[in-house]
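Some notes on the structure that comes next.
The values are calculated or read from the model by the stated rules, or taken from the named source; none is laboratory data. The structure presented is a predicted model; accordingly, all values stated were derived computationally and were not measured. Methodologically, a virtual Cβ is constructed for each residue, glycine included, from the backbone with ideal geometry; neighbour enumeration extends over all protein chains shown.
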Amino acid sequence: MYYQRLKDLREDHDQKQEDIASVLGITRQQYQLYESGKREMPMHLFLILAKYYNVSLDYLAGLVDTPKKLY
């Protein structure tokens, strides 16, 4: 599921939930709900994270296992 990918990407970049929440302009609590799978993340936040991590949306969503860079 995509929420595990969110956590893996964050941890691979040695960041805390607070760091990513700040990038997204939301609270840590809101981000924690997305990362735990308790809430669906809106598409506009997926777009921000795809650009931030430089990965494709299909990778971020967990549809493919090999990351493809955006640029």
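Conditions (1) of a type in the set (D, E, K, R); (2) over 11 Å from the mean Cα position of the chain (by Cα), marked per residue:
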{"position": "L9", "(1), (2)": "no, no"}
{"position": "S22", "(1), (2)": "no, yes"}
{"position": "I26", "(1), (2)": "no, yes"}
{"position": "Q29", "(1), (2)": "no, yes"}
{"position": "L47", "(1), (2)": "no, no"}
{"position": "L57", "(1), (2)": "no, no"}
{"position": "D65", "(1), (2)": "yes, yes"}
{"position": "L70", "(1), (2)": "no, yes"}
* Asked: Can Y71 be described as out of contact with any Ser or Thr (no Cβ under 6 Å at 6 or more places or on another chain) and assigned to a helix (DSSP H, G or I)?
  -> no
* Structure fact -> Listed by first then second residue, the pairs whose first member lies in segment 54-71 and is touching a residue at least 60 places away in the same chain (Cβ under 8 Å) and within 13 Å of Q4 (Cα to Cα), whose partner is of a type in the set (S, T, N, Q) and not in a loop (DSSP other than H, G, I, E, B), with beta carbons under 9 Å and at least 6 positions apart or on separate chains, are G62/Q4
* Name the residues in segment 27-48 that are in a helix (DSSP H, G or I) and within 17 Å of Y59 (Cα to Cα), would you? -> Y34, E35, M43, H44, L45, F46, L47, I48
* To do: Could you tell me which residue of segment 1-26 is modelled with the lowest pLDDT, considering only residues that are outside any helix (DSSP H, G or I) and not charged (D, E, K, R)?
  => M1
* **Residue, surrounded by the most Cβ atoms within 10 Å (Cβ to Cβ), within segment 27-54, restricted to residues that are charged (D, E, K, R) and in contact with a helix residue (DSSP H, G or I) (Cβ under 9 Å, 6 or more places away or on another chain)** => E35
* Asked: Looking at R28, is it closer than 25 Å to Y71 by Cβ and either touching a Pro at 6+ places or on another chain (Cβ under 7 Å) or not hydrophobic (A, V, I, L, M, F, W, C) (or both)?
  -> no
